[in-house]
Amino acid sequence: MQKAPLIWTNILVFSSTFLVALIAVPWYAIAVGFGKAEIIAMILCLGYCGMSITAGYHRLWSHKSYQAHPILEFIFAIGGAFALQNSVIHWASDHRIHHRHVDDNDKDPYSAKRGFWFSHIGWMLRDYQGPDHYTYDNVRDLQKNKILRFQHKHYLALALITNFGIPIGLGLLFGNLWGMILLVGVLRLVLSHHFTFFINSLAHIWGKQTYTDENTARDNGVLALLTYGEGYHNFHHIFEYDYRNGIKWWHFDPTKWLIKAASWVGLTSKLRTCPEERIEQAKAAMQFKRAKMRLSKLPDAEHILQRIEQEYDVLLERMQAYYELKKDLLLQKKQQLQSTLQERYAELNIQKQYQELKVLFAEQRRHWQRLTTELA
């Protein structure tokens, strides 16, 4: 079978920048040394590129998980060109295909089932899709955006201006041209590339499948540290329209924090989140599925399996009752009922029921967690 043709531009860019980062950057650090200005500038530019990809390319444009002010859109579009990961229209088209056909070796552009190397970088070194692949039919909504049309049309110019202009400008400003070129120009680019590529590769190989095992995506807190919160990938693949990836307060997700903080000053709006009930149901379903798989390997485990099924049914029942009452309570508060005695009594009654159901649901969830943990 004939191999797909090599994409020499990508090969030269990836290999040359990687070699410079691997050899020239350490040599310069030992022979000359980098100052605080170069290190701080590199960290800031790396963050700008990373956030432009995660908050802009990924959560804003690929998944439409929130809306952004044109000023923020323009900032992300320039940062995406600086990250040198193609135009938004091209990037989002690939990513939407990935979600639609995840793990399909024939249709997923960077299927993890084809191995780490392929999903990490190999898919960009050969023209596997062919020249007729990029019709961009799946991103027609993005093509209506003037900023994205401008970026797509002038992507090469923007990429050259930012990747050469910013490091050179900073070098002239701080009096260390080669230091800035090596750190801000080369090392920043290599780190930005591979941190993003880890989501396509490692995040489909290393971690936990907390919410679904229907695909290879995994949650990994370590990767979240390198990818501005994108490491909670199992959650993302089942709830892709949620603007959050890390949903717990302790989850490291600076992209989520940026989007939320921007909403306080009017730069973002209509932040989409998945209902808490659906998240809890998905998590419980995976725990139940794993418990059944473990029990199937044990002899004479019918009575234990029956108990697990009963506990699971009770959990779902209390979960449904709790969340339905929670919705009613929130709706009641929104409607701002007038404080007549009868209405006040009804409000106090529903609040009492809500607290009781909350306690019952929490107890059942803890009991279920202990039960599934013991089985493990």
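Counting residues in segment 298-309 that are more than 14 Å from Trp368 (Cα to Cα) and in contact (Cβ under 8 Å) with a residue 40 or more places away in the chain gives zero. Looking across segment 52-98 at every residue that is touching a strand residue (DSSP E or B) at 6+ places or on another chain (Cβ under 8 Å) and aliphatic (A, V, I, L, M), the one that is surrounded by the fewest Cβ atoms within 10 Å (Cβ to Cβ) is identified as Leu72.
This table checks each residue for (1) in contact with a Pro (Cβ under 7 Å, 6 or more places away or on another chain); (2) assigned to a helix (DSSP H, G or I).
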site: Phe74; (1), (2): no, yes
site: Gly80; (1), (2): no, yes
site: Ala92; (1), (2): no, yes
site: His98; (1), (2): yes, yes
site: Asp104; (1), (2): no, no
site: Lys107; (1), (2): no, no
site: Tyr134; (1), (2): no, no
site: His152; (1), (2): no, yes
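Tell me, please, whether a residue that is loosely packed, with under 15 Cβ neighbours inside 10 Å, in the same structural domain as Pro167 (by TED's automatic domain parsing) and touching a residue at least 40 places away in the same chain (Cβ under 8 Å) can be found in segment 14-33. The answer is yes; a qualifying residue exists. Here Leu125, Leu148 are screened, and the one residue that is at negative phi, surrounded by 20 or more Cβ atoms within 10 Å (Cβ to Cβ) and of a type outside the set (D, E, K, R) is Leu148.
Here segment 1-31 is the region considered, the condition is being among the hydrophobic types (A, V, I, L, M, F, W, C) and outside any helix (DSSP H, G or I), and the residue that is nearest to Gly185 (Cα to Cα) is Ile7. Does at least one position in segment 204-219 carry a residue that is crowded, with 22+ Cβ neighbours inside 10 Å and in a helix (DSSP H, G or I)? Yes: segment 204-219 contains one or more residues that are crowded, with 22+ Cβ neighbours inside 10 Å and in a helix (DSSP H, G or I). Within the option set Gln67, Gln2, being within 25 Å of Trp264 (Cβ to Cβ) and of a type in the set (S, T, N, Q) holds for one residue only, Gln67.
Among (1) more than 30 Å from Ile181 (Cα to Cα); (2) in contact with a Phe, Trp or Tyr (Cβ under 8 Å, 6 or more places away or on another chain), where does His99 come up short? It fails just one condition, (2). Yes or no: segment 258-268 includes at least one residue that is within 25 Å of Ala321 (Cα to Cα), among the polar types (S, T, N, Q) and crowded, with 18+ Cβ neighbours inside 10 Å. The answer is no, given that none of the residues of segment 258-268 is within 25 Å of Ala321 (Cα to Cα), among the polar types (S, T, N, Q) and crowded, with 18+ Cβ neighbours inside 10 Å.
In segment 192-201 there is at least one residue matching the filter, namely being at pLDDT 95 or above, in a loop (DSSP other than H, G, I, E, B) and closer than 20 Å to Asp94 by Cβ.
Scanning segment 199-230 for residues that are more than 18 Å from Asp104 (Cα to Cα), in contact (Cβ under 8 Å) with a residue 60 or more places away in the chain and under 13 Å from the mean Cα position of the chain (by Cα) returns Thr227, Tyr228, Gly229, Glu230.
The values are calculated or read from the model by the stated rules, or taken from the named source; none is laboratory data. Everything quoted here is computed from the prediction, not taken from an experiment. Positions of Cβ are backbone-derived with ideal geometry, glycine not excepted, and every protein chain shown enters the neighbour counts.
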